[in-house]
Amino acid sequence: GCGRVLQKLLQSDKIPHVQTIACGVKSDQLITCGVSNWGGFALGAAILLVSSMGSENFDMSLQKCLDSWKVDWFRHAQAIRATLQAGAVDGMSGSSVELKVDGLSFDVHHGVLVSIIQVLNSLLWRQVDPSRSNQITIVEYVGMK
């Protein structure tokens, strides 16, 4: 999707190897993220949140979805292992043996997915009880990283 801003990217001196890694494919909407899997997962989380908001029982509806969407470390590792066994390689390291996603260890990758679920859970509680000021919004959370 970065083809939408490709010329700006190519002019940047802040992105190492930009000439090699910049994607030329355009998209209608651009989601920037360090790893495309994270962007897709976050988009799915946002759709889940928005689709639950119109529900009469918003809190129960979203909590039910969250419960079914838990990120199970073992199941997730199995899925990546299966893609490696089918012939896939990690895009950054070229490894077909190590559990990596874009050159990052599986634990780091999995941790980000768990963080996305935690943010979604936080947003759930903001909707249910806005007085819970200790909960954060996704914008505040991203700003902390």
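Here, each number is a calculation from the coordinates, and none is a lab measurement. Remember, it's a predicted structure, so these values are computed and weren't measured experimentally. Because the Cβ atoms are built from the backbone with ideal geometry, glycine has one as well, and the counts that use them run over all protein chains shown.
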Q.
Loop-only trypsin sites (Lys or Arg not before Pro) in region 4-37, please: DSSP not H, G, I, E or B, and at most 13 other Cβ atoms within 10 Å.
A. K14
Q: Grab the beta carbon distance between S105 and I21, set R0 = 22 Å, and tell me the FRET efficiency rounded to 0.05.
A: 0.65
**Q.** FRET efficiency, 1/(1 + (r/R0)^6) with R0 30 Å, evaluated for L84 and L30 via beta carbons
**A.** 0.55
Q: Beta carbons within 10 angstrom, averaged per residue: use that to sort the peptides 87-95, 36-44, highest first.
A: 36-44, 87-95
Q: Could you calculate the FRET efficiency of V50 with R75 from 1/(1 + (r/R0)^6), where r is the beta carbon distance between them and R0 is 22 Å, rounded to 0.05?
A: 0.30
Q. Using θ = phi - 60° and the Karplus form 6.51 cos²θ - 1.76 cosθ + 1.60, what ³J(HN,Hα) does each residue of region 25-42 get, whole Hz, x for Gly and Pro?
A. 6, 8, 9, 5, 10, 10, 10, 8, 6, x, 9, 4, 4, 5, x, x, 5, 5
